[in-house]
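First comes the structure, then the notes that go with it.
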């Protein structure tokens with residue numbers, strides 16, 4: 001008989017996560033026990049840092065941990081869109097041909113019960129593309145496909161093509177953000193927030209512009225712009241994950257809060273490649289050896305560009321949404 005309990009009273013949860021979790025770095029130099037342990041610790045931070053109720057579940061079968069997961073509110077999205085947005089995170093299920101579907105059902109059933117009184121308007125969840133039992137169970141609970149994302153890992157220095165053109169890369173100024181916003185508003189780019197009709201499309205696009213400004217204003221990293229004939233035609237964020245660096249000793253780029261945009265009129269002019277080359281030079285100066293990047297699976301030009309630069313596929317994740 002399976003039972004469920006909370007994370008904080010479960011012995012052996014760390015080892016279960018490290019052994020069974022799917023990370024973004026599968027089969028790469030960043031897929032290490034140290035990084036998995038860091039990711040586990042980061043989940044616990046989310047559990048205790050939220051000022052709202054958090055639903056956390058561990059599934060036990062015959063005194064053995066077989067599944068774990070957490071649901072918590074995403075406060076910055078909730079405040080920005082004016083609706084209660086939550087995320088399912090840390091979903092880890094033991095692989096078992098005979099019982100995996102039962103493990104998944106018990107996990108999701110308990111998570112959904114735990115947040116029943118929270119009155120979420122919208123939930124999001126990222127799952128590995130090969131976790132079919134989990135994907136089927138999420139669909140049974142009303143989740144639907146939002147996007148697929150290719151995570152790719154590359155070593156520095158990368159393969160950089162020398163480009164002789166009119167593009168100039170420089171750090172951003174205050175007046176550049178108007179042009180960055182225009183590029184986003186004029187772009188038809190795949191993003192699970194932009195393409196889901198639950199959210200206002202223009203407001204969702206401006207959230208990405210806000211990320212650029214927040215990075216620049218709060219000195220969280222670097223923001224570069226590409227110009228052609230004095231016009232801003234693209235922009236890119238660069239960040240080091242300082243917490244990973246401090247806790248694991250690994251110097252790598254941040255996985256969230258990144259962004260790249262190119263004005264639709266100036267695509268296929270190597271603008272993105274020039275921006276990436278500039279960021280990689282900065283990363284090398286910061287001591288980065290491996291970087292993890294990615295692109296929506298429908299963004300074939302970006303995937304091809306990363307492949308040419310020496311990046312290799314690490315994993316594919318699927319984002320699923322649920323509206324209430």
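What follows is calculated from the coordinates using simple rules that are stated; it is not laboratory data. Nothing here was measured: the structure is a model prediction, and the numbers come from that model. Reconstructed Cβ throughout: ideal geometry from the backbone, glycine too, with neighbour counts over all protein chains shown.
Peptides 248-256, 119-127 ordered by packing proxy, namely the average of other Cβ atoms within 10 Å per residue, highest first: 119-127, 248-256. Stretching residue 281 away from residue 121 to a fully extended chain increases their span by 53.4 nm, per 0.36 nm per residue minus the current alpha-carbon distance.
Taking label positions 7 Å along the Cα-Cβ direction at both residue 245 and residue 214, the computed distance is 2.0 nm, reported to one decimal.
For a modelled paramagnetic label at residue 53, 7 Å from Cα along Cα-to-Cβ, the residues of the stretch 101-119 in reach, with backbone nitrogen under 20 Å, are 107-119. With R₀ fixed at 30 Å, the C-beta to C-beta distance from residue 178 to residue 45 puts the FRET efficiency at about 0.25. By its C-alpha gyration tensor, with a ≥ b ≥ c as the square roots of the eigenvalues, how is the stretch 157-288 shaped: rounded for a/c under 1.5, else prolate for a/b larger than b/c, else oblate? Judged from the Cα gyration tensor, the stretch 157-288 comes out oblate (a/c at least 1.5, b/c at or above a/b).
Classify the stretch 2-151: rounded, prolate or oblate, from the alpha-carbon gyration tensor (a ≥ b ≥ c, eigenvalue square roots; a/c under 1.5 rounded; otherwise prolate if a/b is larger than b/c)? Since a/c stays below 1.5, the shape of the stretch 2-151 is classed as rounded. Sorted ascending by nearby beta carbons within 10 Å, beginning with the fewest, 19, 133 become 19, 133. What FRET efficiency comes out for the pair residue 230/residue 200, r = Cβ-Cβ distance, R0 = 30 Å, nearest 0.05? So the FRET efficiency works out to roughly 0.40.
Listed from fewest to most Cβ neighbours within 10 Å, the set 212, 25 follows the order 25, 212.
Stretching the chain fully between residue 140 and residue 300 yields a gain of 54.5 nm (0.36 nm per residue, less the alpha carbon separation).
By DSSP, the beta bridges lying fully in the chain are antiparallel in about 95 percent of cases.
Each of 228, 261 was scored by other Cβ atoms within 10 Å of its Cβ. Listed from fewest to most, they are 228, 261.
Inter-label distance, residue 83 to residue 6: 3.0 nm, where each label sits 7 Å from its Cα along the C-beta direction.
The stretch 285-319 and the stretch 180-245 have Cα centres spaced 17 Å apart. Using 0.36 nm per residue and subtracting the Cα-Cα separation, the extra length available between residue 185 and residue 63 on full extension is 38.6 nm.
Cβ-Cβ distance of residue 76 and residue 312, R₀ of 35 Å, FRET efficiency by 1/(1 + (r/R0)^6): the value works out to about 0.65.
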